[in-house]
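Enquirer: Got a structure for you, questions after.
The values are calculated or read from the model by the stated rules, or taken from the named source; none is laboratory data. Bear in mind the structure is a predicted one, so any value in this text is a computation, not a measurement. Neighbour counts are summed over all protein chains in view; Cβ atoms, including those assigned to glycine, are modelled from backbone coordinates with ideal geometry.
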Amino acid sequence: MENKSEIEVYEYHEHIRLRTGMYIGGVDDRGILALIKGLTDDITGRVSSTVSIKYTILDNYNIELLISSLQSDVIHTSFIATDYFNQNIYPLSAKALCSSFSVSYRGQQQKFEKGVKVSSEACSNSDVLNIKLAIDKSIFSNIDLDYYLLCRTLYYVAILNPLSRIEIEDKREGHNNLLALNFPLGIKSHFRRLCTVAYSAAKKEIIIERTVGSNQYEICIGWGD
């Protein structure tokens, strides 16, 4: 391009909407799952104490996310004080790819539409971080979220993060599912060690059994050729 004036410059939200596949892998169910997994991974990796994350699927395009901790300052320090929602790729992608995206915390609510901030107003006071996502139908069409695939996706996030509790509730018509993923630290440490061994092992399947408290756990890793 010879003329520099012909170079198009996009704001972050414009580029995410234009090249969605570069950020979350696609504009289908898999893209939504990748976005949710990325957000969850990001959130659990930022906190230094126990955090509870609850996803509620209201319908295929509307999802509510609640983030809480017994230590309320952890939420403020990890997400509000650091301007998390304006600095990290997954919340930036979520804001850009939602027709409506809102964040509510401690009496203040911010609303975005397609990545652009449209309002900041007072709301009910709470130490729970409430995020509402309305997926943009103009980008994602014919979405039918697979609840069990979502659970399986977040299962691995939960088992590898010792300070997390993840719940997924499906309130769509014809669905009535609720799953809580909360693994004891002992199991997670064994799982990490098992993964390390598995990569260098010749076996096609490795199984480890451990008892934590009164519960018996079995972890299995298997793969093909």
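Enquirer: Select, from 104, 49, 69, 99, the only residue that is in contact with a Cys (Cβ under 9 Å, 6 or more places away or on another chain) and in contact (Cβ under 8 Å) with a residue 12 or more places away in the chain.
Expert: Just a single option satisfies the conditions, and that option is 104.
Enquirer: Evaluate segment 121-140: report whether one residue or more is in contact with a Ser or Thr (Cβ under 7 Å, 6 or more places away or on another chain), modelled with pLDDT under 80 and surrounded by fewer than 17 Cβ atoms within 10 Å (Cβ to Cβ).
Expert: No, that holds for no residue.
Enquirer: So, residue 103, is that one under 23 Å from residue 157 (Cβ atoms), over 14 Å from the mean Cα position of the chain (by Cα), crowded, with 19+ Cβ neighbours inside 10 Å and among the hydrophobic types (A, V, I, L, M, F, W, C) or not?
Expert: In short, yes.
Enquirer: Provide a single number: the residues in segment 67-76 that are in a helix (DSSP H, G or I), out of contact with any Asp or Glu (no Cβ under 7 Å at 6 or more places or on another chain) and exposed (fewer than 15 other Cβ atoms within 10 Å of the Cβ).
Expert: Residues that pass the stated criteria total 1.
To keep it simple, each residue is scored yes or no on (1) polar (S, T, N, Q); (2) out of contact with any Phe, Trp or Tyr (no Cβ under 8 Å at 6 or more places or on another chain).
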residue: 9; (1), (2): no, yes
residue: 14; (1), (2): no, yes
residue: 17; (1), (2): no, yes
residue: 22; (1), (2): no, yes
residue: 26; (1), (2): no, yes
residue: 30; (1), (2): no, yes
residue: 37; (1), (2): no, yes
residue: 42; (1), (2): no, no
residue: 49; (1), (2): yes, yes
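Enquirer: Please work out which one of (1) in a loop (DSSP other than H, G, I, E, B); (2) in contact with a strand residue (DSSP E or B) (Cβ under 9 Å, 6 or more places away or on another chain) is the condition residue 133 fails and give its number.
Expert: In the conditions (1) in a loop (DSSP other than H, G, I, E, B); (2) in contact with a strand residue (DSSP E or B) (Cβ under 9 Å, 6 or more places away or on another chain), residue 133 misses (1) alone.
Enquirer: Return the total of residues in segment 41-82 being among the acidic types (Asp, Glu) and at pLDDT 90 or above.
Expert: So the answer is 2.
Enquirer: Of all residues in segment 1-40 being in a helix (DSSP H, G or I) and charged (D, E, K, R), which is modelled with the lowest pLDDT?
Expert: 4
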